[in-house]
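Below is one structure, written out as structure tokens; comments come after it.
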Amino acid sequence: YKDEDEKHRSRMEAKNSLENYAYSVRNQLNHEGLKDKFTADDKKKIEDSAQKAIDWLEHNQTAEKEEFEHQQKELEAVVHPIMTRIMGAAGAGMPGGFGGNAGGRGSGAAAGPNIEEVD
């Protein structure tokens with residue numbers, strides 16, 4: 001059962017990661033310090049892509065880990081270039097981070113701080 005539990009945990013982490021990222025990206029569009037920096041076209045692209053991911057999640061609750069990861073990569077491919085440009089225009093890091101856990105997702109670790117043991 002250990003292998004099944006690990007597979008299920010991994011699948012749920014991928015699902016939660018996609019869901020958190022999609023909602024976080026959508027929320028960034030309305031963030032006080034950022035909402036005026038988006039062009040109407042960029043805002044529409046991000047809104048449409050985030051909604052597409054959310055709709056896909058609602059209809060694919062039993063998808064495999066790889067499918068969730070693929071959907072997140074598709075969303076990141078739309079969002080990342082726009083957010084990078086916005087961050088550069090803002091001249092500083094974005095408040096609250098960049099759309100959730102966009103960075104170190106590949107490690108397979110849960111979202112949150114990376115804690116290393118030091119002796």
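The values are calculated or read from the model by the stated rules, or taken from the named source; none is laboratory data. Everything quoted here is computed from the prediction, not taken from an experiment. All Cβ positions, glycine included, derive from the backbone under ideal geometry; neighbour counts span all protein chains shown. Areas reflect the complete protein model, heavy atoms only, side chains present, ligands, DNA and RNA absent. Shrake-Rupley method; radii C 1.70, N 1.55, O 1.52, S 1.80 Å.
Against the test of being assigned to a loop (DSSP other than H, G, I, E, B), open to solvent by less than 70 Å² (accessible area, probe 1.4 Å) and either at pLDDT below 95 or small (Gly, Ala, Ser) (or both), the options Gly88, Gly99 yield a single qualifying residue, Gly99. Looking at Ile82, is it within 14 Å of Asn16 (Cα to Cα) and assigned to a helix (DSSP H, G or I)? Answer is no for this residue.
For Gln71, the conditions (1) open to solvent by 20 Å² or more (accessible area, probe 1.4 Å); (2) at pLDDT below 90; (3) not β-branched (Val, Ile, Thr) are fulfilled apart from (2). Pairs are defined by a Cβ separation below 6 Å, a sequence spacing of at least 6 or placement on different chains, a first member in the stretch 40-51 that is farther than 10 Å from Ala22 by Cβ and touching a residue at least 12 places away in the same chain (Cβ under 8 Å), and a second member that is assigned to a helix (DSSP H, G or I) and open to solvent by 30 Å² or more (accessible area, probe 1.4 Å); the pairs so defined are Lys45/Val78. If we keep just the residues of the stretch 33-66 that are within 14 Å of the chain's Cα centre (by Cα) and among the polar types (S, T, N, Q), which is most open to solvent (accessible area, probe 1.4 Å)? The extreme case among them is Gln51. Restricting attention to the stretch 1-32, the residues being surrounded by 12 or more Cβ atoms within 10 Å (Cβ to Cβ) and not in a helix (DSSP H, G or I) number 2.
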